[in-house]
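Only one structure is covered here, and it is reproduced in the block below.
The values are calculated or read from the model by the stated rules, or taken from the named source; none is laboratory data. As the structure is a computational prediction, the values presented were derived from the model and not from experiment. A quick note on method: Cβ atoms are made from the backbone with ideal geometry, for glycine too, and the neighbour counts reach across all protein chains shown. When the accessible area is computed, the model is the full protein with side chains, heavy atoms only, and any ligands, DNA or RNA have been set aside. Shrake-Rupley method; radii C 1.70, N 1.55, O 1.52, S 1.80 Å.
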Amino acid sequence: MWINREVDRVRVRTPAKVNLFLEVVGRRPDGYHDLATLMVTVGLHDSLEFRGNETGEIRLECDQPGLSTGSDNLVWRAADLLRKRHGVATGVDIQLRKRIPMAAGLAGGSSDAAATLAGLNRLWELGLETNQLASLGAELGSDVAFFFHGPSAWCTGRGEIVEPLKLGRPLDFVLVCPSVGLSTAGVFRALRLPETPVDGACLRQAVEAGEIVDLGKRLFNRLEEPAMELCPEVARWRERLAQLEPAGVLMSGSGSTVFALARDAADALRLARALTSEREVGDQARVLVVRSCD
Ligand code: C5P
């Protein structure tokens, strides 16, 4: 996350994430699930700008007409939570420029919420520490806290217990974001819990050692199966990417984005070119070449 304070405003650029591993360990009494997941931020960002106003209101504008800018938007809720907890009376004008596809398993909404907490902490000079911001974030969504501890981490609990880790080398990906999104709650509802959860220790080692070939073979996401049942596009793109023989292929989060792990940056371009040369791709999906954040 990149934050810049100017005289009368704060600007924040905040990244998307992909999951290289996601196992659902069990169902919790609070209705959520315990997870073990490895998340990596990538070079695909939303931008937010915050300016104080005298109306006492939170006013959100967004360049995506399809996205609500009311009190159900996670950015609005993050601003409201921070104001209530810290007795802030002034209002704020927020401009959100979306580049991260929505309902895509890339945590764009969570990343925007984290950016809002961090940006308003600066604008209102609240002086909150990263850990305080992360625990406020966890109240808003399971993967908001991750964005305070990135660029990469092993996350457990609902996703909010974050243990940062270091990539052995930068990772290059091709993201395929189908035009249809998936609801996270819907995918979790369709999930059948595993009797024996898959252990992510070897994958984590491969990530930390930068062993691309080994990592590619170990990519795993428990939510793929229910997501593919709900959204055949996920299965179709997964198969198409696999035909191009990258190091590995996986769905991110609860979908609908499917990604290829490339062997290096040149391999990522090869994969993207092969996909975009097919005429129908442009109507059905966005293809993005991204690298892990430092
Ligand atoms: O926490 P977040 O709002 O991102 O979660 C969206 C939905 O995904 C939850 O309402 C829940 O149905 C499901 N979920 C879950 N277990 C998690 C994270 C999310 O069941 N660890």
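Observations on the structure shown:
- For the condition open to solvent by 20 Å² or more (accessible area, probe 1.4 Å) and within 16 Å of the ligand (Cβ to nearest atom), ARG27 qualifies.
Residues checked against (1) more than 16 Å from the ligand (Cβ to nearest atom); (2) closer than 21 Å to ALA260 by Cβ; (3) not charged (D, E, K, R):
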position: LEU193; (1), (2), (3): no, no, yes
position: THR196; (1), (2), (3): yes, no, yes
position: ILE212; (1), (2), (3): yes, yes, yes
position: LYS217; (1), (2), (3): yes, yes, no
position: GLU229; (1), (2), (3): yes, no, no
position: ALA235; (1), (2), (3): yes, yes, yes
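- Wholly enclosed helices (runs of 4 or more DSSP H) of region 223-294 bearing at least 1 residues touching a Leu at 6+ places or on another chain (Cβ under 7 Å): 224-230, 265-276, 281-284
- Region 198-214, residues that are part of a loop (DSSP other than H, G, I, E, B) and loosely packed, with under 15 Cβ neighbours inside 10 Å: ASP199, GLY210
Every residue, every condition in (1) under 19 Å from the mean Cα position of the chain (by Cα); (2) closer than 27 Å to ALA134 by Cβ, yes or no:
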site: PRO164; (1), (2): yes, yes
site: PRO178; (1), (2): yes, no
site: LEU182; (1), (2): yes, yes
site: ASP199; (1), (2): no, yes
site: ALA209; (1), (2): no, no
site: ASN221; (1), (2): yes, yes
site: LEU241; (1), (2): no, no
site: GLY253; (1), (2): yes, yes
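- The criterion of being of a type outside the set (Val, Ile, Thr), in contact with a Cys (Cβ under 9 Å, 6 or more places away or on another chain) and closer than 30 Å to THR116 by Cβ holds for SER142.
- No other residue among ALA235, ALA266 is more than 22 Å from the chain's Cα centre (by Cα), farther than 20 Å from ALA153 by Cα and among the small types (Gly, Ala, Ser) apart from ALA266.
- Selected residue (criterion: nearest to VAL40 (Cα to Cα)) from residues of region 197-250 that are touching a strand residue (DSSP E or B) at 6+ places or on another chain (Cβ under 7 Å) and among the basic types (Lys, Arg): ARG204
- Residues of region 136-152 that are within 15 Å of the ligand (Cβ to nearest atom), hydrophobic (A, V, I, L, M, F, W, C) and touching a helix residue (DSSP H, G or I) at 6+ places or on another chain (Cβ under 7 Å): LEU136, ALA138, LEU140, VAL144, ALA145, PHE147.
- Within region 237-271, the residues that satisfy the criterion of being over 12 Å from CYS177 (Cα atoms) and either modelled with pLDDT under 95 or open to solvent by 30 Å² or more (accessible area, probe 1.4 Å) (or both) are GLU239, ARG240, ALA242, GLN243, GLU245, ARG263, ASP264, ALA265, ALA266, LEU269, ARG270.
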